[in-house]
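Visitor: Supplied in structure tokens, the structure appears directly below.
The values are calculated or read from the model by the stated rules, or taken from the named source; none is laboratory data. It should be emphasised that the depicted structure is a prediction, and the values quoted were computed from it without experimental measurement. Note: ideal-geometry Cβ built from the backbone for every residue, glycine included; neighbour counts use all protein chains shown.
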Amino acid sequence: MGRYLYKWINEYMVAINTTNIERLIPLFSDDIQYFPPDNTALSGKEALTRWFLSYFNYYENISERLWTKDVKVAGDHAYVNYGLQGKNI
């Protein structure tokens, strides 16, 4: 499971840093619960897509790096607590 999660994190970072919504959204399950920094929780891919499109439109240049702090796995679900460092202009 660990190798898969690290691959997911790499795919996530590439999609974010290239502002590629078509590459980003398929990384998430339909019932995603996403907790963006300094924002309210989002539920589902539609809400997540809207949020990321707004995020991508707000910042002209996105450069982010993230790393795992804690991973909890229960069956086919995972909760990843991560650190984020970014420079968004």
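Visitor: Taking the range 25-51, which residues are assigned to a helix (DSSP H, G or I) and among the polar types (S, T, N, Q)? Please lay out each step first, then the result.
Guide: Within the range 25-51, the first condition is being assigned to a helix (DSSP H, G or I), and the residues that meet it are 25-27, 45-51.
Selection gives Thr49 alone.
Visitor: Got at least one residue in the range 65-84 being modelled with pLDDT of 85 or more, loosely packed, with under 12 Cβ neighbours inside 10 Å, in a loop (DSSP other than H, G, I, E, B) and of a type outside the set (A, V, I, L, M, F, W, C)?
Guide: Checked the range 65-84: no residue is modelled with pLDDT of 85 or more, loosely packed, with under 12 Cβ neighbours inside 10 Å, in a loop (DSSP other than H, G, I, E, B) and of a type outside the set (A, V, I, L, M, F, W, C).
Visitor: Let me ask something additional. So which residues in the range 7-30 are of a type in the set (Lys, Arg) and more than 20 Å from Asn57 (Cβ to Cβ)? Give the derivation first.
Guide: We begin by selecting, within the range 7-30, every residue of a type in the set (Lys, Arg); these are 7, 23.
Lys7, the sole residue that qualifies.
Visitor: I would also like to ask the following. Just to be sure, is Glu22 surrounded by fewer than 12 Cβ atoms within 10 Å (Cβ to Cβ), part of a helix (DSSP H, G or I) and among the acidic types (Asp, Glu)?
Guide: Yes, satisfied.
Visitor: Please go through (1) under 15 Å from Tyr79 (Cα atoms); (2) modelled with pLDDT under 85 for Tyr34 and return the number of the only condition it doesn't satisfy.
Guide: Failed condition: (2).
Visitor: Any residue at all in the range 47-68 that is acidic (Asp, Glu) and in contact with a Lys or Arg (Cβ under 9 Å, 6 or more places away or on another chain)? Can you show your working first?
Guide: Initially, the range 47-68 is screened for residues acidic (Asp, Glu), giving 60, 64.
Now restrict to residues that are in contact with a Lys or Arg (Cβ under 9 Å, 6 or more places away or on another chain): 64.
Checking the range 47-68: at least one residue is acidic (Asp, Glu) and in contact with a Lys or Arg (Cβ under 9 Å, 6 or more places away or on another chain).
Visitor: Take the range 25-54 and flag every residue that is surrounded by 12 or more Cβ atoms within 10 Å (Cβ to Cβ), within 18 Å of Leu84 (Cα to Cα) and among the charged types (D, E, K, R).
Guide: Those that are surrounded by 12 or more Cβ atoms within 10 Å (Cβ to Cβ), within 18 Å of Leu84 (Cα to Cα) and among the charged types (D, E, K, R): none in the range 25-54.
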